[in-house]
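Working notes for the structure below.
The values are calculated or read from the model by the stated rules, or taken from the named source; none is laboratory data. Remember, predicted model here, so these are calculated numbers, not experimental data. Please note: Cβ atoms are built from the backbone with ideal geometry, for glycine as well, and neighbour counts cover all protein chains shown. Quick note on the areas: whole protein, heavy atoms, side chains included, nothing else; ligands and nucleic acids left out. Shrake-Rupley method; radii C 1.70, N 1.55, O 1.52, S 1.80 Å.
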Amino acid sequence: MSKRHLARSIVMHTLYQWDFRGNPSAIVPAIIDEQMKEFGVGIEETEAFVRATVDGVISHQQEIDKTISDYAPHWPLDQMSLIDKNILRIGVYELKFNISEIPPRVAINEAIELAKTYGGPTSGKFVNGILGAMYKEMEKSPNDISKNI
């Protein structure tokens, strides 16, 4: 398993705990520290990636959640499992706000793998459907990505 994949798992665990506790931003650094101590042994060099991704998702949460709602109109966010919702948040963040660092196909594949590992039996397909639809929109107008998503 790649170091970045493990780092994304830590991001997902962090966002899950943050969301489960009612989104208190003040505890995020402590959650990241705890997750890195427990699951980040040997991948300490990815801590900056973990922190940047968690901070990016949280700072863009409203726009990310709107994007998810736009692409999953039959699945309100409050009815999604916390795991699926936070995996989608990571995927949307990487597709929309971190596209210069993470290729879209990598972002989608990583989100699908997280969903298969941590989500329910259909989570991988669910995540693939939403992020795949976003990617198709991106391909239609690659010069104007942010307006299409």
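Does Ile64 qualify as being under 18 Å from Trp18 (Cβ atoms), modelled with pLDDT of 95 or more, among the β-branched types (Val, Ile, Thr) and in contact with a Leu (Cβ under 6 Å, 6 or more places away or on another chain)? It is false that Ile64 is under 18 Å from Trp18 (Cβ atoms), modelled with pLDDT of 95 or more, among the β-branched types (Val, Ile, Thr) and in contact with a Leu (Cβ under 6 Å, 6 or more places away or on another chain).
Which one is most open to solvent (accessible area, probe 1.4 Å) among residues in the stretch 114-126 that are farther than 13 Å from Lys85 by Cα and part of a helix (DSSP H, G or I)? Outline the logic, then answer.
Keep residues of the stretch 114-126 that are farther than 13 Å from Lys85 by Cα, which gives 116-117, 121-122, 125.
Going one step further and asking which of them are part of a helix (DSSP H, G or I), we end up with 116-117, 125.
Details: Lys116: 129, Thr117: 90, Lys125: 167 Å².
For the stretch 114-126, the residue satisfying everything is Lys125.
Mind listing whichever residues of the stretch 20-29 are open to solvent by less than 60 Å² (accessible area, probe 1.4 Å) and either closer than 22 Å to Ser2 by Cα or outside any loop (DSSP other than H, G, I, E, B) (or both)? Even if it seems obvious, please write down each step before you answer.
Within the stretch 20-29, the first condition is being open to solvent by less than 60 Å² (accessible area, probe 1.4 Å), and the residues that meet it are 22-24, 27-28.
Answer for the stretch 20-29, where residues must be open to solvent by less than 60 Å² (accessible area, probe 1.4 Å) and either closer than 22 Å to Ser2 by Cα or outside any loop (DSSP other than H, G, I, E, B) (or both): Ile27, Val28.
Restricted to the stretch 10-40, and to residues there that are touching a residue at least 60 places away in the same chain (Cβ under 8 Å) and farther than 14 Å from Ala52 by Cα, the residue that is farthest from the chain's Cα centre (by Cα) is Phe20.
The lone criterion from (1) surrounded by fewer than 19 Cβ atoms within 10 Å (Cβ to Cβ); (2) modelled with pLDDT under 95 left unmet by Met134 is number (1). Looking only at the stretch 69-79, decide whether some residue is under 22 Å from Val106 (Cβ atoms), over 13 Å from the mean Cα position of the chain (by Cα) and free of Cβ contacts under 8 Å to residues at least 60 places away in the same chain. Scanning the stretch 69-79 turns up at least one residue that is under 22 Å from Val106 (Cβ atoms), over 13 Å from the mean Cα position of the chain (by Cα) and free of Cβ contacts under 8 Å to residues at least 60 places away in the same chain.
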